[in-house]
Amino acid sequence: MKRIALLLLAIASATLAQEQSVKPGINDKFLDPKLNVVEWTKKFETESREIFHQREKIVAAAGLKPGMAMADIGAGTGLFTLHFAQAVGANGKVYAVEIAKNFLQHIKARASKASASNVQTILCTEKSVELPTASIDLAFICDVYHHFEFPQATLATLHKALKPGGEIVLIDFKRIPGESSDFVMGHVRAGQDVFESEVIAAGFEKVGEAKDVLKENYFVRFRKK
C-alpha cells in the first residue's frame, strides 16, 4: 500500500507540472508529412506481431455491442477499425483517432471501400483526443499508450469524451527487466503498474484484466468514475 501511495503521489506531482513530454520525439516519425503508409502497414499488420495475430480474440474481448460508440485511439493503419465498425453495426459509431494525417487518409479510404459509413476519422493532438464530450462508450488503446507524450492531459480529454460509466481497454507491452526484449525496454517508458496508476489518477478505476488473450502484452479494463 505504501508503494502504491508513493507512486500515486509521484504521478499527481507530475500531473501538476506536466508541461514537458514524458517521451520526447517518440511520435516524430508519425508527424512526418512523407510518412509511408505502405511501409507501416507491413510493420503493423504482420502475423509476427502478437496483436495482429490475435486480433479476433482482442476484438471479442473488447466486448463491443451493436449501437455502441467507441474510439480506436491511435488507430494507425486501421488494423482494428473495420472490425470494430462491424461489431457496433450500422447504428453504432467508430471514431478512428490518430495523430498522423496519412494514416487517417488511409483509414478513410479503407472504410469507404468497405462501405463502413459508421467510421469517422479524428485528427488528434499530442495533448487531446479531440473527441466530443460524452460521445463514446468505450476507448480502445492498443500498443499506443506508451506513445502518449502528455498522458495526464490526454487522459483528461478522454475522461471528458467518455459517457458516464464509459470504459477504457488498455493493451500495451509487458515491460519486465530481464524478460522483455531490448526493443521494449528501450521504447516503452514504464511497466504496467505505472501505466495503470496513471489511468487511475486520471479518474478511472480498474475493473478487470484478461490474462488469457495475450502473452507479450497485457489487457486491462478501466471504468470512468
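General observations
- Verdict on residue 194 being β-branched (Val, Ile, Thr), in contact (Cβ under 8 Å) with a residue 40 or more places away in the chain and more than 16 Å from residue 23 (Cα to Cα): no
- Helices (runs of 4 or more DSSP H) wholly inside segment 133-225 that include at least 3 residues being under 15 Å from the mean Cα position of the chain (by Cα): 151-161, 192-201
A quick yes/no check of all residues on (1) at pLDDT 95 or above; (2) among the small types (Gly, Ala, Ser); (3) within 20 Å of the chain's Cα centre (by Cα); (4) surrounded by fewer than 18 Cβ atoms within 10 Å (Cβ to Cβ):
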site: 10; (1), (2), (3), (4): no, yes, no, yes
site: 28; (1), (2), (3), (4): yes, no, yes, yes
site: 34; (1), (2), (3), (4): yes, no, no, yes
site: 46; (1), (2), (3), (4): yes, no, yes, yes
site: 62; (1), (2), (3), (4): yes, yes, yes, no
site: 69; (1), (2), (3), (4): yes, yes, yes, no
site: 84; (1), (2), (3), (4): yes, no, yes, no
site: 91; (1), (2), (3), (4): yes, no, no, yes
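- Condition check for residue 75: among the hydrophobic types (A, V, I, L, M, F, W, C), surrounded by fewer than 18 Cβ atoms within 10 Å (Cβ to Cβ) and not in a helix (DSSP H, G or I): no
- Total residues in segment 94-127, condition surrounded by fewer than 19 Cβ atoms within 10 Å (Cβ to Cβ), out of contact with any Leu (no Cβ under 7 Å at 6 or more places or on another chain) and assigned to a helix (DSSP H, G or I): 5
- Segment 134-148 - residue that is touching a strand residue (DSSP E or B) at 6+ places or on another chain (Cβ under 8 Å) and more than 14 Å from residue 218 (Cβ to Cβ) and, of those, surrounded by the fewest Cβ atoms within 10 Å (Cβ to Cβ): 134
- Evaluation of residue 58 against the conditions (1) in contact (Cβ under 8 Å) with a residue 12 or more places away in the chain; (2) surrounded by fewer than 22 Cβ atoms within 10 Å (Cβ to Cβ); (3) in a helix (DSSP H, G or I) shows that the sole unmet condition is (2).
- For the residues 158, 138, 131, the requirement of being touching a Gly at 6+ places or on another chain (Cβ under 7 Å) and not small (Gly, Ala, Ser) singles out 138.
To keep it simple, each residue is scored yes or no on (1) in contact with an Asp or Glu (Cβ under 7 Å, 6 or more places away or on another chain); (2) closer than 20 Å to residue 29 by Cβ.
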{"position": "39", "(1), (2)": "no, yes"}
{"position": "45", "(1), (2)": "no, yes"}
{"position": "49", "(1), (2)": "no, yes"}
{"position": "54", "(1), (2)": "no, no"}
{"position": "60", "(1), (2)": "no, no"}
{"position": "68", "(1), (2)": "yes, no"}
{"position": "73", "(1), (2)": "no, yes"}
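- Residue tally, condition over 16 Å from residue 106 (Cα atoms) and part of a helix (DSSP H, G or I), over segment 22-41: 2
- Residues that are among the aliphatic types (A, V, I, L, M) and buried (at least 18 other Cβ atoms within 10 Å of the Cβ) within segment 185-199 comprise 188, 199, listed in sequence order.
- Of the candidates 113, 93, 101, the single residue that is under 17 Å from residue 158 (Cβ atoms) and not small (Gly, Ala, Ser) is 93.
The values are calculated or read from the model by the stated rules, or taken from the named source; none is laboratory data. Computed from a predicted structure; not experimentally measured. Neighbour counts are summed over all protein chains in view; Cβ atoms, including those assigned to glycine, are modelled from backbone coordinates with ideal geometry.
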